[in-house]
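Written below as structure tokens is the structure these notes are about.
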Amino acid sequence: MNSKLEEYLLKAKSLQTEKQDKHLLELCLYEKVYSPDGLDTKNYNMSEYNLEEQRTKYFKTVPIKVTDEEYSQILEAEKINESQNQSNSNGVATALTVIAVLTYIVGFILGLVLGNQLEFSFIVIWWGAALVSGTMVLGFAEIIKLLDKISNK
């Protein structure tokens with residue numbers, strides 16, 4: 001095999017392994033490796049307090065070793081979970097999103113109608129109020145979506 005090709009394939013395999021390890025850590029599929037002396041905060045960047053020993057122990061997370069077949073099963077299980085989570089969309093977040101869009105639309109229309117009848121400043125006031133309140137409701141909807149996503153993990 002050509003040396004450049006061999007070097008390229010090794011680099012690609014290394015990048016794939018790094019990506020897989022990062023994914024496993026995100027899925028909390030790791031083991032804790034504690035600092036042997038308990039003081040190394042440079043290489044062991046996480047800590048927990050041990051009540052029995054009454055001291056802080058430092059550790060690092062190391063992804064578990066999985067075969068290619070096991071990793072493909074993990075990916076399949078993750079796809080199934082994601083599809084189930086997407087089908088079970090949060091009704092409250094959906095309702096708040098609809099309310100936010102309606103607030104934008106009604107505020108825009110009321111601003112035009114009342115602005116034509118009264119003064120131009122009413123257009124700005126209604127549009128500003130609709131923009132602020134609609135954005136706040138939309139923000140709450142996004143917060144609920146994110147909290148739902150976190151709770152489904």
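Please treat every number below as a calculation from the coordinates, not as lab data. Since the model is a prediction, treat every value here as computed from it, not as a measurement. Positions of Cβ are backbone-derived with ideal geometry, glycine not excepted, and every protein chain shown enters the neighbour counts.
Numbers for the structure displayed
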| item | result |
| --- | --- |
| Estimated 222 nm signal from helices in the chain, with DSSP H stretches of n ≥ 4 weighted -39500 (n - 2.57), rounded to 500 | -24000 deg cm²/dmol |
| Reachable lysines, given that their alpha-carbon falls under 17 Å from the alpha-carbon of K145 and they are not under 8 places away in the same chain | K153 |
| Estimated FRET transfer efficiency (F108, N152; beta-carbon r; R0 25 Å; 0.05) | 0.10 |
| Given charges at Cβ of Lys, Arg, Asp, Glu: the chain dipole, positive-most of L29, L75, M136 | M136 |
| Cross-link pairs K32/K65; K4/K60; K22/K65; K32/K149 - those with Cα-Cα distance over 23 Å | K4/K60; K32/K149 |
| GNM result for the chain, Cα springs below 10 Å: residue of D21, D37, D68 fluctuating most strongly | D37 |
| Global form of the chain, assessed from the alpha-carbon gyration tensor, a/c cut-off 1.5 | prolate |
| Degrees separating the helix 68-87 axis from the principal Cα axis of the chain, which is the longest one | 20 degrees |
